[in-house]
Amino acid sequence: MLINKLRDMAQSNLGDEVRSAVLNVPIFCDEYERGALLEAASLAGLDNVELVNETTAGIYLLPVLFPTLSLIVCIAYAFNTTDSHHEMSSENIVAFVLMGYRSTQVCVCAFRQGRITIMATSYNRNLGGRNFDYLIFEYLKKKFDEQYRTVKDDWSTLSKYRLLSECRNLKERMSVNSDPLPIHIDYLVENYNLDETMGRREFEDLSADLLKQFRTVLEDCLERANVRRIDSVEMVGGGMRIPALKAVVKDVFKRECRISLRPENPVVRGCTLKHAMSKACYTIK
């Protein structure tokens, strides 16, 4: 149903029938998940589908799995970057840090004379922006339950959804404001209101364990890459707006973080470029 809706939207925008597509999957998806996606694409009327991190037979001879999801982001990055620092005349080692809603992926790539080499990858499939949302949620819910003990067992699905939505909004506000910020929800449970404040420092203290997990993913990728330097660090994904995550990235890679691509759409752009590159009727400049 989802792929069918996306296909209809693409056809509406393009004014032509869509029969082929490049679909991305996380690097940790197994063969059953890939097969299910291909079957869903076929049911949606797509008969020529490429999964961007499907490996080739030759890769099975190598000790390292080359993830094409990371490669897709690299393609978008290479076409997007035009400043002299990233010209492909000399080798540049770039670390990509991708944090989405539910997972984190990291790769170290070498760009040289228009060629891209994936040097190392690492991931945590259960660490993403939602973990930080749930962290704030549990903290505020606990304070609310302590204040109104009689409603501890009266939380409805709607009440939880309203609180989680406000937690996500609070997280985004704390990313641009270090001062304590208010959070107010009328009639959260029965006739009781939520009135609390939370600041960035308090949030970072609560996030200590998540930040440690994030650091582990970065350090693992850097160790696998076995490089003496990182020339640039590129952040991708909405989760990377959290200042504490940027600080961890800077501490591990010893480089300031860059955002040359819009955090939310590099994978989409990369898939588009990958599809165009596979068609003889398109010229990529």
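The values are calculated or read from the model by the stated rules, or taken from the named source; none is laboratory data. Quantities reported herein were computed from a predicted structural model and do not represent experimental measurements. Note that we place each Cβ from the backbone using ideal geometry, even for glycine, and neighbour counts take in every protein chain shown.
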(message) One residue is enough: does the stretch 171-179 have a residue meeting the conditions in contact with a helix residue (DSSP H, G or I) (Cβ under 7 Å, 6 or more places away or on another chain), of a type outside the set (Ser, Thr, Tyr) and free of Cβ contacts under 8 Å to residues at least 12 places away in the same chain?
(response) no
(message) Quick test for you: out of Leu211, Leu218, pick the one residue that is out of contact with any Ser or Thr (no Cβ under 8 Å at 6 or more places or on another chain), surrounded by 14 or more Cβ atoms within 10 Å (Cβ to Cβ) and either β-branched (Val, Ile, Thr) or under 28 Å from Phe96 (Cβ atoms) (or both).
(response) Leu211
(request) Kindly establish whether Ser260 is surrounded by fewer than 20 Cβ atoms within 10 Å (Cβ to Cβ), farther than 22 Å from Arg102 by Cβ and either out of contact with any His (no Cβ under 6 Å at 6 or more places or on another chain) or at pLDDT below 75 (or both). (result) yes
(request) Starting from the stretch 183-199, take each residue that is buried (at least 17 other Cβ atoms within 10 Å of the Cβ) and list its partners that are assigned to a strand (DSSP E or B) and of a type in the set (Asp, Glu), counting only C-beta distances under 9 angstrom and pairs at least six apart or across chains. (result) Ile183/Asp195; Ile183/Glu196; Ile185/Asp195; Leu194/Asp186
(request) Please specify each residue of the stretch 114-149 satisfying the condition of being aliphatic (A, V, I, L, M) and under 14 Å from the mean Cα position of the chain (by Cα). (result) Leu127
(message) It is to be established whether one or more residues within the stretch 7-23 are within 19 Å of the chain's Cα centre (by Cα) and at pLDDT below 80.
(response) no
(message) Here is a list: Arg228, Arg215, Arg241, Arg224. Which entry is of a type outside the set (Val, Ile, Thr), modelled with pLDDT of 90 or more and out of contact with any strand residue (DSSP E or B) (no Cβ under 8 Å at 6 or more places or on another chain)?
(response) Arg215
